[in-house]
Amino acid sequence: FADLADVSIAEDIPVEGEITVPVGSRSPDDDYSTLDEPVRDTIMRDLKAVGKKFVHVMYPKKSSALLRDWDLWGPLVLCVSLALMLQGGSADSKDDGGPQFAEVFVIIWFGAVVITLNSKLLGGTISFFQSLCVLGYCVLPLTVAMLVCRLVLLAGSGTVSFIIRLIVVVAMFGWSTLASTAFLADSQPPNRKALVVYPIFLFYFVISWMILTFTPQ
Amino acid sequence: GTAADWGGFEDNMQGGGSAVIDMENMDDTSGSSFEDMGEMHQRMKEEEEEEGEAGAAEEEDGEFLGMKGLRGQLGRQVADQMWQVGKRQASRAFSLYANIDILRPYFDVEPVQVRTRLLESMIPVKMINFPQKIAGELYGPLMLVFTLVAILLHGMKTSDTIIREGTLMGTAIGTCFGYWLGVSSFIYFLAYLCNAQITMVQMLSLLGYGLFGHCITLFVTYNIHFHSLFYIFWLGVGGLSTLRMVAVLVSRTVGHTQRLILCGTLAALHMLFLLYLHFAYHKVVEGILDTLERPNMPPFQRVARDIPVVSNAVMNTTAKAVALTL
């Protein structure tokens, strides 16, 4: 660095310019301040983001909040809670009729990956993780349906309860499909929307079917 | 003197390292083509430049900090270089293998085209002396396989199928995908032996669309449990889609023996698969087994799982009818 010590400018050339830092850039202080904040603030901020996205799913309007800052916390929470509730209650290994935790988990993530690949191959403009985020968040109505089904099954398991569960699951299935279509179909060329909607329909249909045929042991 | 000699030797090692071709860094697909040699030269030049800079920085810092500084700088430089090389290799491998654009042309369809092809898959062509066109498209077949998986799941659930090893979902996916990929490959191999003009993608597409008949049949017969209805659908709907596939293959093959081998195999496998799907995953099988094993028990002892009372009654009548005919 010895060379830089003699920087000198000839006196007849005027030196002018601005010595201001452009405002938009993040100074290193910003990064450090989120490290120093209490853990509760960090968790609450993430929870609020997840909660806001839940609200967007329950009232699907054409907003880009779900797509702009995607996160996978919400889908993970929903997937784990759905898989836990769907777990076959029988400890007896002879009757393996109920889906196990790993099965549900794999179905949801594998199905979401396949739908994302399909929409990308059909010429979609959405990114991989954005699509995973939307599909995961739109499982929320079906998780609510699962909760309702379990409560109804506590009351009894006759024909009436089956009809109630059928109506609830079908309604939530329709809601899920409409919500995810509202977010995902916009990223497709207009004449191919049906090609993208069909696998989403099939995906939520399989999940709804697993919810509807669940019986506690 | 000796120090200069040692220093010179070290310099040679550093500079000479880039002259040795590191086989690990070579691309799998590169041969000794002209462009690859050019790329290698460019890379060697880059590495030499980097090492030249590293050497210069080292010398400065070495003079300033002494021996410790030299070793620290060297370590950091080596780590940095390894990171660069690793990153370059990884990004090249990724862009080569994870490039989904390879599949993009096979998904270039319009909904109208998919609908037309679905309907056409049930109509056998009459002109078998002229090679028929097969669209090499994978969207329709893939969606049909997934639909078949969903229908199979529905059938397995309503029939209380008990899978001892593995899971319901795994069995359904394995069966459907295994059939589609496996039989396609087998018929493609036979087509290669019989000199038929068909590519692998076209075969996948043809067999995939042939599953449309299976989907319809199973969807109807998993919900309406009449045995004779299944046989009518098997022959009618299954037969139509098989005829269509057979006609297309016949139009692309020359020679009577070859046509017979190819089409006989395909027809047999396709029809038998439908039969298998119906019988392996349907409650009537268990009813028959119960009746055969314990003649003193009434036909259906098992409590159905939350299925509405109507289908229960239908189930019982079907089982009784089957037991009577046996």
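The values are calculated or read from the model by the stated rules, or taken from the named source; none is laboratory data. The structure presented is a predicted model; accordingly, all values stated were derived computationally and were not measured. Note that each Cβ is placed from the backbone with ideal geometry, even for glycine, and that neighbours are counted across all protein chains shown. All accessible areas refer to the heavy atoms of the entire protein, side chains included, with ligands and DNA or RNA removed. Shrake-Rupley method; radii C 1.70, N 1.55, O 1.52, S 1.80 Å.
Remark: mean inter-chain Cβ contacts per residue of B:143-154 equal 3, using a 10 Å Cβ-Cβ cutoff to other protein chain atoms. Report relative contact order for the range A:109-191 in percent, whole number only (criteria: Cα-Cα under 8 Å, sequence separation at least 6). Computed value for the range A:109-191: 42 percent relative contact order.
Placing one equal scatterer on every Cα of the range A:68-217 and applying the Debye formula, the log10 ratio I(q)/I(0) at q = 0.19, 0.20, 0.21 Å⁻¹ is -1.10, -1.19, -1.27.
Kindly identify the range B:166-265 as rounded, prolate or oblate by the Cα gyration tensor criterion: order the square roots of the eigenvalues as a ≥ b ≥ c, call it rounded if a/c is under 1.5, otherwise compare a/b with b/c, prolate if a/b is larger, else oblate. Here the range B:166-265 falls in the oblate category. A loss of 30 Å² or more of accessible area (1.4 Å probe, protein heavy atoms, ligands and nucleic acids excluded) relative to the isolated chain is seen in these residues of the range A:200-217: A:LEU202, A:VAL206, A:TRP209, A:THR213, A:THR215. For the chain pair B and A, buried accessible area totals roughly 2800 Å², probe 1.4 Å, rounded to the nearest 100. Estimated from the Cβ-Cβ distance and a Förster radius of 45 angstrom, the FRET efficiency linking A:THR125 and B:LYS87 is about 0.95. Working note: Karplus 6.51/-1.76/1.60 with θ = phi - 60° gives the range A:68-83 the couplings 5, 10, 7, 8, 10, 5, x, x, 5, 4, 5, 5, 5, 5, 5, 5 Hz, where Gly and Pro are set to x.
Averaging 1/r across all pairs of distinct Cα atoms in the range B:127-293 and inverting the result yields a Kirkwood radius of 16.7 Å.
Taken residue by residue and averaged, Cβ atoms of other chains lying within 10 Å of the Cβ of A:100-111 number 2. The mean count of C-beta atoms from other chains within 10 Å of the C-beta of residues in B:110-123, rounded to a whole number, is 1.
In the range A:154-198, comparing the full protein assembly with the chain on its own, the residues that lose 10 Å² or more of accessible surface at a 1.4 Å probe are A:SER157, A:THR159, A:PHE162, A:ARG165, A:ASN191, A:ARG192, A:ALA194, A:LEU195, A:TYR198.
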